[in-house]
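See structure below.
The values are calculated or read from the model by the stated rules, or taken from the named source; none is laboratory data. Note that the structure is predicted; figures quoted are calculated from it, not measured. FYI the Cβ positions are ideal-geometry reconstructions off the backbone, even for glycines, and counts take in every protein chain you see. Each accessible area value is taken on the protein alone, full model and side chains, heavy atoms only, with ligands, DNA and RNA left out. Shrake-Rupley method; radii C 1.70, N 1.55, O 1.52, S 1.80 Å.
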Amino acid sequence: MESPSNPNAIITLIDNYAPSEADIALINKAYDFSEKAHEGQKRASGEPYFNHVVATAKNLARYGMDATTIAAGLLHDTIEDGKATESEIKEAFGDDIFFLVEGVTKLGKVKYRGRERHAESLRKFFVAMASDFRVLMIKLADRLHNLQTLEFVNPEKQRRIALESIEIYAPLAHRLGIGKLKGELEDAAFPYAYPKEYAEIETFLNEKKTVSEQNISAVQSSLERELTRQHIHTIKMSHRIKHKYSLWKKLQRYKHDPDKIYDIMALRVILPNIEDCYRTLGLVHMLWKPVPDRIKDYIALPKLNGYQSLHTTIFTGDGGIVEIQIRTPEMHGIAEYGIASHFAYKEFESNDKTNQKTGKYAWVDEFRELSRIVNESGQFMQNLRMDFFKDRIFVFTPKGDVIDLPDGACPIDFGYAVHSDIGNHISAAKVNGKMVPITSSLHVNDIVEIVTKSDAHPTSKWLDCAKTTVARKHIRTYVDDHSLLNKYIWNRFKSTK
Ligand code: MN
């Protein structure tokens, strides 16, 4: 692992916009402040703790975040793990950066305990807490580095962090539309979360790779030739191997029949505009026969997270099958960097071979662009929160699991949300350590404990306060069954009289 000798290591990674003097000064200042705050601290690997925050900041720079977010990334552990105080940060860096650091610190307090049915609640909780998408980005960049240094922590923690990353963090990256980060998080976590399956995928890929690489190279040269002949200018053509974790997921979906997976390796064609994309799709279908039902027009009909591209899968003619993805540079930016791509993102430069990274973006009118983006991301987060949190509240089990419930829910709803068996035997409830009626309303951040008794049972009165469908369904079933039973017993009683 390289040592973070100076802040330039971070600044040089910001290559999709030109940092201003003020940007550089801010990053330098945060760098020095953080270095002092973490002085003498070590990571589990034995390296200086400071390396971790620098790596986090580098990830943020790589994902095109602005200087404020990068500075906050450098500072993200200074309160919780370092020697800085809240007021020191506020004073030195102002309210905006303090808000980001505080947000990341708060998110660090919740842990996922591997219970699948709480995962969605926890994801929602994350978004609710991260009232600003920059907080989420810092947390994701932080997590990515923690995963990359996971070999140094104990196996139990390895597994917990890896699973948490796959269940909580990667889906968040996906929701933000940052496909590249989602893939990086999953692939870093995969070997620790599912070691056996990871080994299987490695073997599988090694077998497949050479053949599909030859197939794809042949298709690529034919297509390049044809595009030149038709005077269609290609910005970039390259192929990528599918991320290992998503390949494994797909193999599971297709019942481990690898012949059904056509996109282990895909050819990606980046073209200047939408018209060229459609023309190229036409050319591809003239050159090769497409596989039926595999033609997707995500340009006319984008995916929900904003992804746009044309996809088609073709028979190469010699027994091979290759997926081709066709898109513009803007669409590519959004596919890889999602909302982050809006920061300063403009357009690829021409087909410059020295420029192979992910393409360069030209920075246009920094301030106008940034203010537009901040508004857009604010709107984006609001929309994201709207569909997540239409009148939802978050409460906790005594162990710290997050349960999300509708506004006005009561301990009965809580009991059923944890388990129907608990719901069916609620006898009392404690909220924040105090006994309360099981029909009382719960509030945000309440810690709820349910006391059960084997002879406690639902009554129709419970329906007056239960809000969730799950609770109401169980209560009704119980009450109906028992009134039927009572009727039956009564009838038997009458007939024997
Ligand atoms: Mn950290």
Can you name every residue in the stretch 54-75 that is more than 16 Å from the ligand (Cβ to nearest atom) and open to solvent by 10 Å² or more (accessible area, probe 1.4 Å)?
-> ARG62, ASP66, THR68
Total residues in the stretch 199-230, condition among the aromatic types (Phe, Trp, Tyr) and open to solvent by 70 Å² or more (accessible area, probe 1.4 Å) | 0
For strands (runs of 3 or more DSSP E) lying entirely in the stretch 388-463, having 1 or more residues that are under 26 Å from the mean Cα position of the chain (by Cα) and of a type outside the set (Gly, Ala, Ser) picks out 392-396, 402-406
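Within the stretch 438-497, which residues are open to solvent by 50 Å² or more (accessible area, probe 1.4 Å) and of a type in the set (A, V, I, L, M, F, W, C)?
Selection gives VAL444, ILE447, VAL451, VAL470, LEU484, LEU485, ILE489, TRP490, PHE493.
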Would you point out which residue out of LEU185, LEU147 is under 20 Å from the mean Cα position of the chain (by Cα), within 16 Å of the ligand (Cβ to nearest atom) and within 22 Å of ASP263 (Cα to Cα)?
-> LEU185
Flagged in the stretch 231-261 as surrounded by fewer than 17 Cβ atoms within 10 Å (Cβ to Cβ), among the hydroxyl-bearing types (Ser, Thr, Tyr) and within 30 Å of GLU200 (Cβ to Cβ), in numbering order, are SER238, TYR254
From ASN51, ASN28, residue being more than 16 Å from the ligand (Cβ to nearest atom) and out of contact with any strand residue (DSSP E or B) (no Cβ under 7 Å at 6 or more places or on another chain) = ASN28
Unmet requirement for GLN252, which otherwise passes all of (1) touching a residue at least 24 places away in the same chain (Cβ under 8 Å); (2) outside any loop (DSSP other than H, G, I, E, B) = (1)
What pairs can you find where one residue is in the stretch 95-109 and under 13 Å from ALA141 (Cβ atoms), the other is away from the ligand (no atom under 14 Å from the Cβ), and their Cβ atoms are less than 8 Å apart, with a gap of 6+ or different chains?
-> LEU100/THR68; LEU100/THR69; LEU100/ASP132; LEU100/ARG134; LEU107/PHE126; LEU107/MET129; LEU107/ALA130
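Just to confirm my filter: which helices (runs of 4 or more DSSP H) fall fully inside the stretch 118-192 and include at least 1 residues that are at pLDDT 90 or above and of a type in the set (A, V, I, L, M, F, W, C)?
Correct list: 133-148, 155-164.
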Test: residue in the stretch 181-194 that is touching a residue at least 40 places away in the same chain (Cβ under 8 Å), open to solvent by less than 10 Å² (accessible area, probe 1.4 Å) and among the aromatic types (Phe, Trp, Tyr) | yes
Considering each residue of the stretch 464-492, count those that are in a helix (DSSP H, G or I) and either over 30 Å from ARG392 (Cα atoms) or of a type in the set (A, V, I, L, M, F, W, C) (or both), and give that number.
-> 16
Output the residue which, of all residues in the stretch 76-102 that are of a type in the set (A, V, I, L, M, F, W, C) and closer than 20 Å to PHE133 by Cα, is nearest to the ligand (Cβ to nearest atom).
-> VAL101
